[in-house]
Every structure is written in C-alpha cells, then in structure tokens.
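The structure under discussion appears below in the form of structure tokens.
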Amino acid sequence: MAQEISSHKVKRTCDACGKEREFEFIRASKETIEEMTGWYSIVREVFDGMEFQKMIVQACCLECVPAAAVKLALPPPTPEDPPINLADLQQSKNWTN
C-alpha cells in the first residue's frame, strides 16, 4: 500500500442544544459508530431568486430534531440582517458526557 489514511475527524455541533462532538473515523469503535449514526441532518432547499441552495442543520438526538428544524423555517438572512443569536435558539440540556 502506497498510502494510508491515519486520521479522519469530523466535528459536529447540535443546532438545537449546542452539544459538540468530534468523531474519529479511522478504526472507530462500535460505540462511536452508534453515536455517530444517531445524529440527524435536516435539509431544506431554498430558492434565492437565482438558484436552489441547501440549508442543513444537525441534531444530536431525536429530541433535538424539532428545535433544529425550526432554524430552517426562519427566512434566509439578507446582508442587511443582524446575525442570529444562536444561544437564544438553543435548548438547555444537562449532558453527562
């Protein structure tokens, strides 16, 4: 073998509760794979007048899916709009890990 990948990391942040998790794909354990596949990606296609664009949010568990999906229901920001304060949209959860 001329080449071997020694690392492939993905960092995800739940758009509902703010939980952050980094996953290592190389030699991932069964527990890591189960946790990684427990996340949800919610996609919405938006037409901006010129083309369709995909907006994607991440949810770490089924309970966070509705709150994350609400972010997709908000109209896309325009350059004149102030930035959205994500902390105002996040659910509060007590995570043990």
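No lab work stands behind these numbers, since they all come straight from the coordinates. Predicted model, so just to flag it, every value in this text is computed and none were measured. Heads up, the Cβs are rebuilt from the backbone with ideal geometry, glycines too, and the neighbour counts pull from every protein chain shown.
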(request) Would you kindly state how much longer the chain becomes between GLU35 and ASN85 on full extension, computed as 0.36 nm times their sequence separation minus their alpha carbon distance, in nm to one decimal? (result) 15.2 nm
(request) Take every Cα pair under 8 Å in the stretch 9-75 that's 6+ residues apart, average their separations, divide by the length, and report that relative contact order as a whole percent. (result) 33 percent
(message) Translational diffusion coefficient of the stretch 9-75 at 37 °C, 0.692 mPa s, Stokes-Einstein with Kirkwood Rh over Cα pairs, in µm²/s as a whole number.
(response) 251 µm²/s
(request) Go through 37-49, 58-70 and give me the packing order, highest mean Cβ count within 10 Å leading. (result) 58-70, 37-49
